[in-house]
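Working notes for the structure below.
The values are calculated or read from the model by the stated rules, or taken from the named source; none is laboratory data. Since the structure is predicted, the reported quantities are computational estimates derived from the model, not experimental observations. In this analysis, Cβ positions are derived from the backbone assuming ideal geometry, glycine residues included, and neighbour counts consider all displayed protein chains.
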Amino acid sequence: MAISEEDRNKDDGNRSRRVEREGERRNEERETNGNRYESSRRRGRDESSRYSRSERREEEDSRSNRHSSRRSERREDNGRHRRDDGNERSFEEESKRVDVTKPEEEEGKKVKLMGRSGGAYIPPFRLAQMMRDVQDKSSVEYQRLTWDALRKSINGLINKVNATNIKNIIPELFAENLIRGRGLFCRSCMKSQMASPGFSDVFSALVAVVNTKFPQVGTLLLKRIVMQLQRAYKRNDKPQLLAATKFIAHLVNQQVAHEIVALELLMTLLENPTDDSVEVAVGFTKECGSLLQDLSPKALHGIFESFRGILHEGEIDKRVQFLIEGLFAIRKSKFKDFPAVRPELDLVDQENQLTHELSLNDEIDPETALDIFRPDPLFLENEKQYEELKKSMLGDDVSSEDEGGSDEASDNDEDEEDSGEDEEEQMQIKDETETNLVNLRRTIYLTIMSSVDFEEAGHKLLKIKLEPGQEMELCIMLLECCSQERTYLRYYGLLGQRFCMINKIHQENFEKCFVQQYSMIHRLETNKLRNVAKFFAHLLGTDALPWQCLAYIRLTEEDTTSSSRIFIKILFQELSEHLGIRLLKERLTDPTMQDSFGSIFPKDNPKNTRFSINFFTSVGLGGITEDLREYLKNMPRLIMEQEKQAVESDSDSGSSKSSSSESESESESSSSDESRRDARRHHKRRKKT
């Protein structure tokens, strides 16, 4: 069918109109999109104006940090891919060569699979088999195998160390040749700490123990960390700088690094303060502030003055200002939540630790050559020397692990005997730290303070299992709790009375406590002294404590002090309130108890008697001294009677002496007369003859 000219013209017109409408529609869409873009730009400009300048700076810093971390990850991935490609190519080439070579050359060719960074992965059992197959232990191939095994072992031990197993990891780490692998050890510690900064104190404790045996390892690690810190500071790498400063802070806490390193770092960070440098300095001060406060308080005070000046200037961001204010609050609490070393990580005595001094401005040689394998011509000698050193550090347990299975049975028998002996020795161990005693006192204190009344407290305290000899602790803690109160509570007196009534042992212990407290009464404050006196007055007033304990009190001017007089005054005033003055007087004048009260109411000297009377009269208890006043009133007459009796006794003794002398003289005279008569008779007889 032929198309006419008119139809063609109509079709062309319709097509042109459609093209024009399509062009108009596209122009309208461009205009609407342009308007939307302009409105979004205005909205973004308005929203961006709401942000402060510091927040935009933080966003830019975080964005740059993310970009830098991504770039570093890409570089590492590219390098790893290159190494893997090279290793695969080398593996393929070496496998081709192995097929062509002779059997005796296979050993050396297999070892050459190990490249500079370890080469292709070889399973541990395969690596051990290859090491056993090598005949020449001093060859380069064997050294390379041992180097790779050392690197893997050190990395594995450091990756699995934590606060609970560090004591088990340390002997395994010393079993490796740390002198040869000191570069590997330092690199592994730094990488692990960078990956997990929260374990910085654990890695520092591990380095501190290694530093006691190998100081060169501690020096090398400190050099590399300082160099890493300098590099991060110059590059404005905040994450790396935070990790490095935290590691240095914990090395200072372990005293591997000198505190001068910490102070120099703080001065460097605060010399030209920015938001990032001040934030890093605040975190660093939190970590090692507790140690600096003890070792160099003046220098730490200067650092805090610098923080105060930065805070007053107000040029830094509000967030950083809040960080500084939080640091001052931590300092006020004496770094209670940020101890220098946790107890489970305090593994080295202070006198055994070796501290290294290093300046941030010194030129540092990181000794990166130690991270790369180098053949050692004296390999066997060095390994033998380290074996001897390892035995001296770890003992003979290391050599005993390599013995055959034939000796295991005998070793097990010996171990059983040794364990039996150890158990016997453990039975004889005595706890000198008094941990059990402290726990017992804590339990008694909490029981006393948490009970509603004395009956509940007594019931709970009787349930506590006390070992023989620990009954005294119950009495001491009860008296201590009573003395700590602001005012005396009858609750403690009733509780002490209940224990004295239950068991005589507690009564004897409270009597010992009375004697002990009175002997040290001058050490107590007035409030404690009053509570103690009222406590013992309650026990005496209820007959829970025997009155014979008052015999220890000697009321004279020479034997008392101001504190002891206050104690005696409060004691007897409380007794008069409990018993009444009449009943108290009857108790004190009991004839059977005069031996116990003789020291309180002395009658040996008028001066002491007068002092006792004046004392009780001044405290309002003169009624109990009536008998003593009567004694003092009659004392001259008694003294005269005593003197008269003495004179009479002297006269009686004189008369008896005179009578005896007269009788003696009479006997002597009679004997002399008789001798004269005998002499005369004898003379007359001689004349007659």
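Checking each residue in the range 464-504 for being surrounded by fewer than 13 Cβ atoms within 10 Å (Cβ to Cβ) and either touching a Leu at 6+ places or on another chain (Cβ under 7 Å) or within 16 Å of CYS549 (Cβ to Cβ) (or both) picks out only LYS504.
If we scan the range 489-496, do we find a residue that is among the small types (Gly, Ala, Ser) and either at pLDDT below 90 or touching a His at 6+ places or on another chain (Cβ under 7 Å) (or both)? Yes, some residue in the range 489-496 is among the small types (Gly, Ala, Ser) and either at pLDDT below 90 or touching a His at 6+ places or on another chain (Cβ under 7 Å) (or both). Screening ARG554 with (1) surrounded by fewer than 18 Cβ atoms within 10 Å (Cβ to Cβ); (2) part of a helix (DSSP H, G or I); (3) of a type outside the set (Asp, Glu) gives one miss only, at (2).
Select, from TYR492, TYR488, the only residue that is closer than 28 Å to LEU524 by Cα, touching a Cys at 6+ places or on another chain (Cβ under 6 Å) and in the same structural domain as ASN531 (by TED's automatic domain parsing). Walk me through how you get there before you give the answer.
Numbers: TYR488 fails: touching a Cys at 6+ places or on another chain (Cβ under 6 Å).
That would be TYR492, the only listed residue that is closer than 28 Å to LEU524 by Cα, touching a Cys at 6+ places or on another chain (Cβ under 6 Å) and in the same structural domain as ASN531 (by TED's automatic domain parsing).
Residue pairs whose Cβ atoms lie under 7 Å apart, separated by 6 or more positions or on different chains, with the first residue in the range 612-625 and without any contact (Cβ under 8 Å) to a residue 12 or more places away in the chain and the second aromatic (Phe, Trp, Tyr) and assigned to a helix (DSSP H, G or I), are GLY622/PHE616.
Assess whether ILE600 counts as being in contact with a Ser or Thr (Cβ under 9 Å, 6 or more places away or on another chain), assigned to a helix (DSSP H, G or I) and in contact (Cβ under 8 Å) with a residue 12 or more places away in the chain. Walk me through it before giving the result.
On the way: in contact with a Ser or Thr (Cβ under 9 Å, 6 or more places away or on another chain): yes; assigned to a helix (DSSP H, G or I): no; in contact (Cβ under 8 Å) with a residue 12 or more places away in the chain: yes.
No; evaluated as a whole, the condition is false for this residue.
When LYS465 is tested against (1) without any contact (Cβ under 8 Å) to a residue 24 or more places away in the chain; (2) part of a helix (DSSP H, G or I), only condition (2) is not met. Within the range 202-220, being out of contact with any Phe, Trp or Tyr (no Cβ under 8 Å at 6 or more places or on another chain) and either surrounded by fewer than 21 Cβ atoms within 10 Å (Cβ to Cβ) or aliphatic (A, V, I, L, M) (or both) holds for VAL202, ALA205, LEU206, VAL207, ALA208, VAL209, THR212, PHE214, PRO215, GLN216, THR219, LEU220. Only one of the numbered conditions (1) touching a residue at least 40 places away in the same chain (Cβ under 8 Å); (2) over 24 Å from ILE505 (Cα atoms); (3) outside any helix (DSSP H, G or I); (4) not small (Gly, Ala, Ser) is not met by LYS585, and that is (3). Only residues that are within 19 Å of the chain's Cα centre (by Cα), of a type outside the set (Val, Ile, Thr) and under 18 Å from THR355 (Cα atoms) were counted in the range 244-286, giving 6. Residues in the range 459-493 that are among the small types (Gly, Ala, Ser) and over 17 Å from HIS538 (Cα atoms): GLY469 alone.
Taken together, ARG231, ARG235, ARG180 contain a single residue that is surrounded by fewer than 21 Cβ atoms within 10 Å (Cβ to Cβ) and within 27 Å of LEU389 (Cβ to Cβ), which is ARG180. Going by the conditions given, is GLY289 in contact with a Lys or Arg (Cβ under 8 Å, 6 or more places away or on another chain) and within 23 Å of LYS332 (Cα to Cα)? When the stated conditions are applied, GLY289 passes them.
When you go through GLU388, GLU424, GLU351 one by one, which is the residue that is over 30 Å from SER200 (Cα atoms), surrounded by fewer than 11 Cβ atoms within 10 Å (Cβ to Cβ) and modelled with pLDDT under 85? Quick ask: steps written out before the conclusion?
Values: GLU388 fails: modelled with pLDDT under 85; GLU351 fails: over 30 Å from SER200 (Cα atoms).
Answer to the selection: GLU424.
Would you check if there is a residue in the range 504-517 being among the acidic types (Asp, Glu) and part of a helix (DSSP H, G or I)? Before you say what the answer is, go through the steps one by one.
First, pick out the residues of the range 504-517 that are among the acidic types (Asp, Glu): 508, 511.
Going one step further and asking which of them are part of a helix (DSSP H, G or I), we end up with 508, 511.
Looking through the range 504-517, at least one residue is among the acidic types (Asp, Glu) and part of a helix (DSSP H, G or I).
Quick check on PHE328: is it on the phi > 0 side of the Ramachandran plot, of a type in the set (A, V, I, L, M, F, W, C) and without any contact (Cβ under 8 Å) to a residue 60 or more places away in the chain? Criteria not met by PHE328. Can SER596 be described as modelled with pLDDT under 85 and not β-branched (Val, Ile, Thr)? The answer is yes for SER596.
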